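Trainee: Dropping a structure here in structure tokens format, bear with me for questions.
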Amino acid sequence: MPPTTVHVAIAGLIACALLQHHFDTKAILLVLVASAALDLDALLAVYWSGTHRAALHNIWLPLGAFALLAWDVKFRAESFVLSRWGEYGWRVGWVTIVAITFGHILLDAFYNGVNLFWPLHDQLYDFSGELLVSDQRGFVQDVIDLGDDGTTQRGGSGDVHYTTAVDPSPAPSPDEDPERVAYLAETGEHILLTVVGFAVVAYRIWEHRRGDGV
């Protein structure tokens, strides 16, 4: 899975693009913290097996949050969000939801899988396939394949273990301690995305504090 640093960097890029004139340090920090917080289900999995990539990586979390926010802002006679924070609160709220959905949950789904519909449906979905056009095979995709031999469905939460620093894979022998690794980046692309993401966020914060931002 992409490291938390990559998720946070991409969420930051999304927020910098969508917050518009509502950008400030508090808003961007809320987006970054929300994105990082989703990986806390790795810690939860130490005590409740199978909840990593499930408890905070399912689609119900952002859908429920957006439904609640939209109901409050668009349908209530007196909106709690608008009465306290105005349009700023509405913008920061939905941008945060978009950022965690595409920058974290779906990124993991298209990397090596998440339990998208947990707990209503315990099945890990992995969309990390290929999409190509070949002069011999034509259009080819194996991103979505729901067949028995496909790669999309990976099994339930008890069938797949994602190694983390707090919940490592078992050591080869009982006499060995399992290696605990916390990745900051797994590929060169991760390093590039992380550097660019945090650089853009830092620049927007600097620009806003100078009073030049819009």
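The values are calculated or read from the model by the stated rules, or taken from the named source; none is laboratory data. Here the structure is a predicted model, which means the values were calculated and not measured. Quick reminder, even Gly has a Cβ in these numbers, built from the backbone with ideal geometry, and neighbours come from all protein chains shown. Heads up: the accessible areas ignore ligands, DNA and RNA and are worked out on the full protein's heavy atoms, side chains in. Shrake-Rupley method; radii C 1.70, N 1.55, O 1.52, S 1.80 Å.
Trainee: Only one of these is of a type in the set (Asp, Glu), open to solvent by less than 80 Å² (accessible area, probe 1.4 Å) and modelled with pLDDT of 95 or more: Asp122, Asp72, Asp126. Name it.
Mentor: Asp72
Trainee: Let me ask something else about it. In the stretch 16-53, how many residues are more than 18 Å from Trp85 (Cα to Cα) and in contact with a helix residue (DSSP H, G or I) (Cβ under 8 Å, 6 or more places away or on another chain)?
Mentor: Residues in the stretch 16-53 being more than 18 Å from Trp85 (Cα to Cα) and in contact with a helix residue (DSSP H, G or I) (Cβ under 8 Å, 6 or more places away or on another chain): 10 in total.
Trainee: Can you tell me which residue in the stretch 45-63 is surrounded by the most Cβ atoms within 10 Å (Cβ to Cβ), limited to those that are closer than 19 Å to Ala109 by Cα and free of Cβ contacts under 8 Å to residues at least 40 places away in the same chain?
Mentor: We begin by selecting, within the stretch 45-63, every residue closer than 19 Å to Ala109 by Cα; these are 45, 50-63.
Imposing the further condition that a residue be free of Cβ contacts under 8 Å to residues at least 40 places away in the same chain reduces the set to 56, 63.
On the way: Leu56: 20, Leu63: 12.
Here the answer is Leu56.
Trainee: Additional query: Within the stretch 14-35, identify whether any single residue is open to solvent by less than 10 Å² (accessible area, probe 1.4 Å), closer than 24 Å to Arg180 by Cα and either touching a residue at least 40 places away in the same chain (Cβ under 8 Å) or not in a helix (DSSP H, G or I) (or both), and answer yes or no.
Mentor: So far as the stretch 14-35 goes, yes, one or more of its residues are open to solvent by less than 10 Å² (accessible area, probe 1.4 Å), closer than 24 Å to Arg180 by Cα and either touching a residue at least 40 places away in the same chain (Cβ under 8 Å) or not in a helix (DSSP H, G or I) (or both).
Trainee: Could you please give the count of residues in the stretch 97-119 that are surrounded by 23 or more Cβ atoms within 10 Å (Cβ to Cβ) and of a type in the set (A, V, I, L, M)?
Mentor: 3
Trainee: Could you check how many residues of the stretch 129-139 are open to solvent by 50 Å² or more (accessible area, probe 1.4 Å) and either touching a Cys at 6+ places or on another chain (Cβ under 9 Å) or at positive phi (or both)? Break it down stepwise before answering.
Mentor: Initial filter on the stretch 129-139 (open to solvent by 50 Å² or more (accessible area, probe 1.4 Å)): 130-131, 133, 135-137, 139.
Filter once more, so that each one left must be either touching a Cys at 6+ places or on another chain (Cβ under 9 Å) or at positive phi (or both): none.
Count: 0.
Trainee: Let me ask another. Based on what the data block shows, is Gly64 modelled with pLDDT of 95 or more and either of a type in the set (Lys, Arg) or closer than 28 Å to Ala202 by Cα (or both)? Explain how you work it out, then say what you get.
Mentor: Numbers: modelled with pLDDT of 95 or more: yes; either of a type in the set (Lys, Arg) or closer than 28 Å to Ala202 by Cα (or both): no.
So Gly64 fails the test.
Trainee: What pairs come out if I take residues in the stretch 64-83 that are of a type in the set (A, V, I, L, M) and pair them with residues that are not in a helix (DSSP H, G or I) whose C-beta lies under 7 Å away, six or more apart or interchain?
Mentor: These pairs meet every condition: Val73/Ser79.
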